[in-house]
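The values are calculated or read from the model by the stated rules, or taken from the named source; none is laboratory data. Just so we're clear, the structure is a prediction, and the values are computed from it rather than from any experiment. Note that we place each Cβ from the backbone using ideal geometry, even for glycine, and neighbour counts take in every protein chain shown. To get the accessible areas, we keep the full protein, side chains included, count just its heavy atoms, and leave off ligands, DNA and RNA. Shrake-Rupley method; radii C 1.70, N 1.55, O 1.52, S 1.80 Å.
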Amino acid sequence: SPAQKLVFNRVNGKRPQVLLQQVSAPEECYTLAHEENVRFVYEAWQQVEQQLDGSRSGESACGPVQYIEKNPNPGLKNFVPIDLEEWWAQQFLAKIENCS
């Protein structure tokens, strides 16, 4: 079966303004400060995860403490966290399928 296509109707019969569209995706430009901040946060989080894993296995008596709610909210009883990596993968595949 053919792929479904989006149809955009004109509002009040008016023609939409013509916008120049780039054929290729714009390159993301990151500053040196941005890359440094991302690296800092990534490395700090890796240390926290290592310390958490160590405290779970009994290697360390002190370190980060994982928060566990004592009185869970009943409204969140059926809450299922989203797997962002899976979600991004689905978005990526959908974009590829729409382009072909």
* Which GluC sites (Glu not before Pro) from region 67-100 combine a DSSP loop assignment with at most 10 other Cβ atoms within 10 Å? -> E69
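Within region 63-98, which trypsin sites (Lys or Arg not before Pro) sit in a loop by DSSP and count at most 16 neighbouring Cβ atoms inside 10 Å?
On the way: sites: K70, K77, K95; in loops: K70, K77.
For trypsin sites (Lys or Arg not before Pro) across region 63-98 that sit outside H, G, I, E and B with at most 16 neighbouring Cβ atoms in 10 Å, the list reads K70, K77.
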* Asked: Can you work out ³J(HN,Hα) from phi for every residue in region 84-92, in order, using Karplus 6.51 cos²θ - 1.76 cosθ + 1.60 and θ = phi - 60°, giving whole Hz and x for Gly and Pro?
  -> 4, 5, 5, 4, 5, 4, 5, 4, 4
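Heavy atoms only, 1.4 Å probe, whole protein assembly: order Y42, Y67 by accessible area, highest first. Write out the running numbers ahead of the final one.
Values: Y42 140, Y67 175 Å².
If we order Y42, Y67 from most to least accessible, we get Y67, Y42.
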